[in-house]
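Novice: Take this structure first; my questions come after.
The values are calculated or read from the model by the stated rules, or taken from the named source; none is laboratory data. All values reported here derive from a predicted model rather than from experimental measurement. Glycine also receives a Cβ, built like all others from the backbone with ideal geometry; neighbour counts cover every protein chain displayed. Remember, those area values only see protein heavy atoms, side chains included, never the ligands or the DNA or RNA. Shrake-Rupley method; radii C 1.70, N 1.55, O 1.52, S 1.80 Å.
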Amino acid sequence: MKNQVVRQVFFWISFLLLLAWISLIYAFSAQPDTESAEVSGRVSYRIVEGFNGVFRLEMTDAQIEERARRIDFPVRKGAHMTEFAILALLFLFTVTLRERPEGSREENRLFRYAAALTFTLLIAAADEVHQRFVPGRAGRVTDVLIDTFGGFLGLLVVFGLANWYNRRKRKKG
């Protein structure tokens, strides 16, 4: 009985985190293009500035700016992939916690991963539709694919870690 209560508490925490994460994604998408570009530009600048300091490259401010502009696109897309990887994992954890403990978890494992990826695809598509109504932003199919691929990578990492852990556990037991 106590385990069921704990499981329910964790389920609701996970569910609320999932809703909060979706809200955060939509809040980022609601930023006009100029504001979004400014934020990602600052991140790119700090990355190049950090490399400059760590590796003592002695770049000028103009060189840092130029390199920051060059990496801005991959930094932005990497951030999107990370956002959607986290989304997919939150969904996976939520549906896993919702599953009845007496049910066959192994049989439903691939279904949960597929459901998480499908959910990620749907949220990514809805996010791109939302962006079509934001000044200076555009909804793109390629962005849906990039976001979904981020979710896929996150799920792949967790799938691989879970397999590794289960194999290791079987060898010990």
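Novice: On the basis of being open to solvent by less than 70 Å² (accessible area, probe 1.4 Å), in contact with a His (Cβ under 9 Å, 6 or more places away or on another chain) and aromatic (Phe, Trp, Tyr), does residue 26 make the cut? Please lay out each step first, then the result.
Specialist: Details: open to solvent by less than 70 Å² (accessible area, probe 1.4 Å): yes; in contact with a His (Cβ under 9 Å, 6 or more places away or on another chain): yes; aromatic (Phe, Trp, Tyr): yes.
When the stated conditions are applied, residue 26 passes them.
Novice: Out of all the residues in segment 80-103, which are open to solvent by 50 Å² or more (accessible area, probe 1.4 Å), at pLDDT below 95 and not in a loop (DSSP other than H, G, I, E, B)?
Specialist: 98
Novice: So, one more: Could you give every pair whose Cβ atoms fall below 8 Å, whose first residue belongs to segment 145-173 and is part of a helix (DSSP H, G or I), and whose second residue is open to solvent by 70 Å² or more (accessible area, probe 1.4 Å) and among the aliphatic types (A, V, I, L, M), counting only separations of at least 6 or pairs across chains?
Specialist: Close Cβ pairs (under 8 Å, with a partner that is open to solvent by 70 Å² or more (accessible area, probe 1.4 Å) and among the aliphatic types (A, V, I, L, M)) amount to 148/121; 151/121.
Novice: Which numbered condition in (1) under 27 Å from residue 29 (Cβ atoms); (2) open to solvent by less than 40 Å² (accessible area, probe 1.4 Å); (3) modelled with pLDDT of 95 or more is the only one that residue 160 fails?
Specialist: Residue 160 satisfies every listed condition except (1).
Novice: Tally up the residues in segment 119-143 that are part of a helix (DSSP H, G or I), in contact with a helix residue (DSSP H, G or I) (Cβ under 9 Å, 6 or more places away or on another chain) and farther than 15 Å from residue 22 by Cβ, please.
Specialist: Within segment 119-143, residues that are part of a helix (DSSP H, G or I), in contact with a helix residue (DSSP H, G or I) (Cβ under 9 Å, 6 or more places away or on another chain) and farther than 15 Å from residue 22 by Cβ number 2.
Here is a yes/no grid of residues against (1) part of a loop (DSSP other than H, G, I, E, B); (2) aromatic (Phe, Trp, Tyr); (3) within 29 Å of residue 129 (Cα to Cα); (4) open to solvent by 60 Å² or more (accessible area, probe 1.4 Å):
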residue: 31; (1), (2), (3), (4): yes, no, yes, no
residue: 40; (1), (2), (3), (4): no, no, yes, no
residue: 51; (1), (2), (3), (4): no, yes, no, yes
residue: 64; (1), (2), (3), (4): no, no, no, no
residue: 67; (1), (2), (3), (4): no, no, no, yes
residue: 73; (1), (2), (3), (4): no, yes, yes, yes
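Novice: Just to be sure, is residue 122 modelled with pLDDT of 95 or more, among the aliphatic types (A, V, I, L, M) and open to solvent by 90 Å² or more (accessible area, probe 1.4 Å)? Walk me through how you get there before you give the answer.
Specialist: Values: modelled with pLDDT of 95 or more: yes; among the aliphatic types (A, V, I, L, M): yes; open to solvent by 90 Å² or more (accessible area, probe 1.4 Å): yes.
The answer is yes for residue 122.
Novice: State all residues of segment 1-11 that are in contact with a helix residue (DSSP H, G or I) (Cβ under 9 Å, 6 or more places away or on another chain) and open to solvent by 70 Å² or more (accessible area, probe 1.4 Å); if no residue qualifies, say none.
Specialist: Kept after step one, since they are in contact with a helix residue (DSSP H, G or I) (Cβ under 9 Å, 6 or more places away or on another chain), are these residues of segment 1-11: 7-8, 10-11.
Passing the criteria: only 10.
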